[in-house]
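This report concerns only the one structure given below.
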């Protein structure tokens with residue numbers, strides 16, 4: 001973990017929706033090879049943070065640096081820098097087949113041979129997708145759609161994979177499988193991961209470091225273990241009262 | 001029987017032209033969620049460019065067609081860049097997009113009117129001798145118009161379903177925001193879509209001009225394309241083509257067996273009847289809001 005030169009470095013980030021301040025001076029960094037989680041309640045600004053990084057939402061002030069460079073202001077240019085987002089609610093292209101969804105994820109790449117190779121890697125990770133390759137995305141189950149959304153994001157060959165609420169609307173057994181996959185992506189493929197999650201316990205267990213976002217501000221940060229043991233986190237986000 | 005076959009061929013040919021128009025509307029609607037009312041002006045523009053290239057510049061038909069397609073593409077992309085894209089950048093409601101499209105339409109149609117006047121003109125190509133199969137005479141113009149229209153539709157299908165850019169257009173038509181997360185540039189997609197619109201409207205304008213006449217308001221026929229896409233079922237390319245074929249054949253049958261005066265009456269009646277029994281169109285699956 002190269003803490004000295006973070007891969008993603010966010011400083012004093014302020015984001016407004018009209019007159020409402022959604023993020024108020026957020027400082028956050030992600031080092032190469034880390035899994036970083038951002039936990040927080042509904043409306044804390046977690047999704048806004050993700051959307052701002054991928055330039056879907058513009059920001060009022062602050063800096064977002066990625067590998068030492070400012071990120072582009074147009075969302076379609078962000079993928080080429082090596083960042084992909086698995087959006088909240090999966091947002092797969094329902095009328096397109098599994099294969100087409102995956103190819104859409106590889107839109108910025110031109111080399112057919114390498115694209116096919118990446119697709120095979122995705123199928124190795126999610127064999128279910130290969131079985132359903134010609135099926136329309138909309139006919140898949142929720143868990144399969146999440147696999148497709150992650151697979152689609154991997155098709156761009158990212159260095160930093162961001163996931164917005166990957167557990168949302170999934171059965172507990174599927175959530176476990178999903179998070180196991182995220183750990184594998186990090187350990188075996190060396191992918192750096194930033195995820196935001198309402199399901200604090202599972203996120204804190206798997207991450208190296210985490211931030212607690214509360215009404216647009218970082219209220220706590222530490223390693224996953226530290227936060228899991230913190231009584232304030234336990235009371236507010238884990239439902240544990242001592 | 002002879003009349004039936006003649007009218008059938010003619011109906012398929014006019015149905016193919018309606019298909020080009022219906023698909024042109026559907027493309028813009030599916031990606032940008034507004035009805036491009038300027039489309040019929042593009043069609044008239046394309047027809048007049050070809051008309052002028054032949055009658056004043058004495059160019060051969062194929063060259064006139066090529067010039068018409070290129071200039072109509074430039075017109076359609078300019079309309080996108082000058083009228084639609086700035087509104088999109090400011091996140092204008094789609095009603096404003098439509099009103100802007102009407103403005104583009106009025107401007108183009110009136111400029112054509114100023115230059116050429118509002119009269120009907122015969123498209124300057126020599127009438128092709130019909131082909132006789134037994135007693136059945138089949139218009140060569142119908143065959144050429146129908147044939148080329150089908151080739152254009154097939155190329156469009158191949159583009160949308162077999163190329164990377166086509167996938168970009170389809171992904172954007174489903175979810176423009178997520179498409180941009182994949183690296184699909186929305187403004188690039190807009191140029192592709194309006195280029196296709198330019199091609200479709202130009203080809204349709206030329207063949208419609210040959211079949212009937214060239215005049216500034218000729219784009220009014222695009223209302224038929226709307227009927228066709230509603231009859232087929234909104235939001236799907238094959239449905240638009242099926243609807244267009246049915247409408248084209250119905251019209252030529254009415255013209256042949258009843259009277260051409262009642263042609264449009266039957267078209268609209270047909271629409272009402274279809275909607276009474278199939279509110280989503282013949283092949284439509286879900287009700288979509290469409291203006």
Fill in the blank from the handout: Each label sits 7 Å from Cα toward the beta-carbon; between residue A:5 and residue A:215 the label points are separated, in nm, by 4.0 nm
Handout entry: Cα-based helix-to-principal-axis angle, A:172-189 vs chain A, degrees rounded to 10
Key = 90 degrees
Exercise for the section: Output the relative contact order of chain A, whole-number percent, from Cα pairs under 8 angstrom with separation of 6+ residues. Expected result: 27 percent
Practice task
Please label the shape of the range B:91-138 as rounded, prolate or oblate, based on the square roots a ≥ b ≥ c of the eigenvalues of the alpha-carbon gyration tensor (a/c under 1.5 means rounded; beyond that, a/b larger than b/c means prolate, else oblate).
Solution key: oblate
Problem - Cα gyration tensor shape for the protein assembly as shown, rounded if a/c is under 1.5, else prolate or oblate - result: prolate
Problem - Mean Cα-pair separation over length for the range A:91-156, i.e. relative contact order, pairs under 8 Å, 6 or more apart, % - result: 56 percent
Completion exercise
Between residue B:269 and residue B:120, the two model label points (7 Å from Cα along the beta-carbon direction) sit apart by a distance in nm of 2.3 nm
Completion exercise
From fewest to most C-beta neighbours within 10 Å, the residues A:47, B:137, B:244 line up as B:137, A:47, B:244
Exercise for the section: First measure r as the distance between the Cβ atoms of residue B:96 and residue A:120, then evaluate 1/(1 + (r/R0)^6) with R0 = 41 Å and state the FRET efficiency to the nearest 0.05. Expected result: 0.30
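Just for the protein assembly as shown, what percent of DSSP beta bridges are antiparallel, to the closest 5?
Among the beta bridges of the protein assembly as shown, antiparallel pairing accounts for roughly 60 percent.
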Fill in the blank from the handout: Gyration tensor on Cα atoms of the range A:91-156, a ≥ b ≥ c root eigenvalues, a/c under 1.5 rounded, else prolate if a/b beats b/c, else oblate, says prolate
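In percent, what relative contact order does chain B have, based on Cα pairs under 8 Å that are 6 or more apart in sequence? Kindly include the intermediate steps, with their values, before the conclusion.
Numbers: 451 pairs, mean separation 102.3, N = 291.
Result for chain B is 35 percent.
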Handout entry: Quotient of Cα Rg and 2.2 N^0.38 Å for the range B:74-196, N being how many residues it contains
Key = 1.48
Problem - Percentage, to the nearest whole number, of Cα pairs in the range B:164-291 over 27 Å apart - result: 32 percent
Problem - residue B:282 paired with residue B:59, simple spin-label distance in nm, labels 7 Å along Cα-to-beta-carbon - result: 3.7 nm
Handout entry: FRET efficiency for residue B:74 and residue A:69, using Cβ-Cβ distance with R0 set to 25 Å, rounded to 0.05
Key = 0.10
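What is the gain in length, in nm to one decimal, between residue B:212 and residue B:113 on full extension, counting 0.36 nm per residue of separation less the C-alpha to C-alpha distance? Kindly include the intermediate steps, with their values, before the conclusion.
On the way: separation 99, 0.36 × 99 = 35.64 nm, distance 1.80 nm.
That pair, residue B:212 and residue B:113, stretches by 33.8 nm at full extension.
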Handout entry: Ratio Rg/Rh [Cα only; Rh per Kirkwood] for the range B:2-218
Key = 1.01
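All of the numbers you see were taken from the coordinates with simple rules; none came from a lab. Not measured: the values here are computed from a predicted model. Quick reminder, even Gly has a Cβ in these numbers, built from the backbone with ideal geometry, and neighbours come from all protein chains shown.
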